[in-house]
């Protein structure tokens, strides 16, 4: 039996590194927040929010911030 992973959520997660504490990573995830697939990294919370909403428009059921 083939297992199908359904990514219906975009998750925005805060990512601190040595250069900046204002980076955010966006991931596709399933209902439970598992099976993450990296989308991109964005500088600044408002920018990350806009990108997530743009990508998620008609493509994702949920966006988690």
>> With P(r) over Cα pairs in 5 Å bins from 0, in percent as the read-out, I listed (1) 4, 20, 34, 31, 10, 1, 0; (2) 4, 20, 27, 22, 14, 7, 4, 2, 1, 0; (3) 4, 17, 29, 27, 16, 7, 1; which label goes with the value calculated from this structure?
In response: (2)
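Provide the FRET efficiency to the nearest 0.05 for the residue 5-residue 53 pair, computing r from the beta carbons and using R0 = 25 Å.
On the way: r = 23 Å, r/R0 = 0.91.
Once rounded, the FRET efficiency stands at 0.65.
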> Which value in nm describes the separation of the simple spin-label points at residue 36 and residue 21, placed 7 Å from the Cα toward the beta carbon?
Replying inline: 2.0 nm
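Okay, helix-only estimate at 222 nm for the chain: each DSSP H run of n ≥ 4 adds -39500 (n - 2.57), divide by all residues, round to 500 deg cm²/dmol; what do you get? Each step should come with its number before you reach the end.
Details: 1 runs with 12 residues, N = 65.
Computed mean residue ellipticity for the chain: -5500 deg cm²/dmol.
Values quoted throughout were computed directly from the atomic coordinates according to the rules given, and no laboratory measurement underlies them. Note that this is a predicted model, so its numbers are computed, not measured. Cβ atoms come from the backbone with ideal geometry, glycine included; neighbour counts cover every protein chain shown.
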